[in-house]
1. For residue 79, only one of the following conditions fails: (1) modelled with pLDDT of 85 or more; (2) under 18 Å from the mean Cα position of the chain (by Cα); (3) under 30 Å from residue 5 (Cβ atoms). What is its number?
2. I need a count of the residues in region 28-49 that are in contact with a strand residue (DSSP E or B) (Cβ under 6 Å, 6 or more places away or on another chain) and part of a helix (DSSP H, G or I).
3. Looking only at residues that are in a loop (DSSP other than H, G, I, E, B) and farther than 19 Å from residue 80 by Cα in region 1-27, which one is nearest to the chain's Cα centre (by Cα)?
4. Are any of the residues in region 37-44 in the same structural domain as residue 80 (by TED's automatic domain parsing), surrounded by fewer than 23 Cβ atoms within 10 Å (Cβ to Cβ) and under 21 Å from residue 80 (Cα atoms)?
5. Let me spell it out: the conditions are (1) under 16 Å from residue 37 (Cβ atoms); (2) assigned to a helix (DSSP H, G or I); (3) touching a strand residue (DSSP E or B) at 6+ places or on another chain (Cβ under 8 Å), and residue 114 meets all of them except one. Which number is the exception?
6. Tally the residues that are out of contact with any strand residue (DSSP E or B) (no Cβ under 7 Å at 6 or more places or on another chain), modelled with pLDDT of 95 or more and buried (at least 17 other Cβ atoms within 10 Å of the Cβ), restricting the search to region 58-73.
7. If I filter region 74-89 down to residues being surrounded by fewer than 16 Cβ atoms within 10 Å (Cβ to Cβ) and in contact with a helix residue (DSSP H, G or I) (Cβ under 8 Å, 6 or more places away or on another chain), which single residue comes out as nearest to residue 18 (Cα to Cα)?
8. If only one of 49, 55, 4 is in contact with a helix residue (DSSP H, G or I) (Cβ under 9 Å, 6 or more places away or on another chain), at pLDDT 95 or above, over 20 Å from residue 119 (Cβ atoms) and surrounded by fewer than 17 Cβ atoms within 10 Å (Cβ to Cβ), which one is it?
């Protein structure tokens, strides 16, 4: 058993990239993980990669209910909750905006919600 044996961890933004890499390492170290992400296809793919030690949820980190719901699912699925790793983030360009001087109010708000405000939920 690895360094995280018996631990249950939630990874917000864990269905792709750095979050998924971390979740896979947590599993390799013996943890059970719940990962969240906005894209349902990525969530399904992550679930397959994590196997029985993982659970993937299609959630948006900008939703204030998403982190508490993920923690609740972690407790239900794995009998506890030991930690959270928040790595969700993105660029306003993904929301249709361009360079900073062309950023819309909506793009600015969405970017701050994803990269900053979601950490508070």
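The values are calculated or read from the model by the stated rules, or taken from the named source; none is laboratory data. Remember, it's a predicted structure, so these values are computed and weren't measured experimentally. For neighbour counting, all protein chains shown are included, and Cβ atoms are generated from backbone atoms with ideal geometry for every residue, glycine included.
1. It is condition (2) that residue 79 fails.
2. 4
3. Within region 1-27, the first condition is being in a loop (DSSP other than H, G, I, E, B), and the residues that meet it are 1-7, 13-16.
Still in the list and also farther than 19 Å from residue 80 by Cα: 13, 15-16.
Details: 13: 2, 15: 6, 16: 9 Å.
The selected residue is 13.
4. Looking through region 37-44, none of the residues is in the same structural domain as residue 80 (by TED's automatic domain parsing), surrounded by fewer than 23 Cβ atoms within 10 Å (Cβ to Cβ) and under 21 Å from residue 80 (Cα atoms).
5. Result: residue 114 passes all but (3).
6. Qualifying residue count, region 58-73: 0.
7. Within region 74-89, the match that is nearest to residue 18 (Cα to Cα) is 84.
8. 49
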